[in-house]
Amino acid sequence: MKPENLYTAHCSSAKMVFPDAESCKNFLAAFNTELSGLLALYAFALLPSQTILLFRTTGETDWETYLRAQQLIKKDYKVFDEAGGMLLMSTLVKNKIAAFIRSYFPGGSITIAEVMQEDLPHALANTHLLPVKRGLCPAPSDWTFSSYNAYLSDKPTRLPREEVLELVDGTAAFVELHR
């Protein structure tokens, strides 16, 4: 895992992980709270037993601050001076993210993969269209537990709405991307 890169996490379980709105809200609140120093959430689709998360990792300094605060690296360890320091941080970050997700999907499947910047539009559409592909709703706007509507709303959000809409050439292009 590298700092300031995009990633998707595909998660599935044989049992129902998100049976209701409250479980979805709790997951997103915990995700944003517990991992806020390591990543920023870009998109999500939470299905009863399957989830896709699209996120960008934060920078090296944020990682170091977070890992020191969590006491995952020693205070006197000079991350950028030690051989393998960046590799250590990368491994700790990936393990922390995977452990958090695994706590919601015990025994399930979790795959975290890098997304190239130019593939962001495709990754957004893939995320938001998951409930449609699974036959749970006719359009991404109909799925409550997705970030799709947050990009089209004026309501406050933690998602990087302006950045993403600019990258996909505006709201109309965002909607068209999801057809």
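Brief remarks on what is shown
- Scanning region 118-162 for residues that are charged (D, E, K, R) and surrounded by 13 or more Cβ atoms within 10 Å (Cβ to Cβ), we see that the one that is nearest to Tyr42 (Cα to Cα) is Arg161.
- Subset of region 14-31 that is surrounded by fewer than 14 Cβ atoms within 10 Å (Cβ to Cβ) and touching a residue at least 24 places away in the same chain (Cβ under 8 Å) - its residue that is nearest to Met1 (Cα to Cα): Ala30
- Flag for Gly59 being surrounded by 16 or more Cβ atoms within 10 Å (Cβ to Cβ), at pLDDT below 90 and small (Gly, Ala, Ser): no
- Enumeration of residues in region 103-141 that are touching a Pro at 6+ places or on another chain (Cβ under 8 Å) and in contact (Cβ under 8 Å) with a residue 24 or more places away in the chain: His128, Leu129, Pro131, Pro140
- Residue list for region 83-98, filter: within 20 Å of Thr33 (Cα to Cα) and either outside any helix (DSSP H, G or I) or at pLDDT 90 or above (or both): Ile97, Ala98
- Boolean, Thr111 is exposed (fewer than 13 other Cβ atoms within 10 Å of the Cβ), more than 22 Å from Cys11 (Cβ to Cβ) and hydroxyl-bearing (Ser, Thr, Tyr): no
- Residue pairs meeting the criteria (Cβ under 6 Å; at least 6 apart or on separate chains; first more than 30 Å from Glu22 (Cβ to Cβ) and among the small types (Gly, Ala, Ser), in region 46-70; second crowded, with 19+ Cβ neighbours inside 10 Å and modelled with pLDDT of 90 or more): none
The values are calculated or read from the model by the stated rules, or taken from the named source; none is laboratory data. Predicted model only: the values in this text are computed from it and were never measured. So basically every Cβ, Gly included, is an ideal-geometry build from the backbone, and we count neighbours across all protein chains shown.
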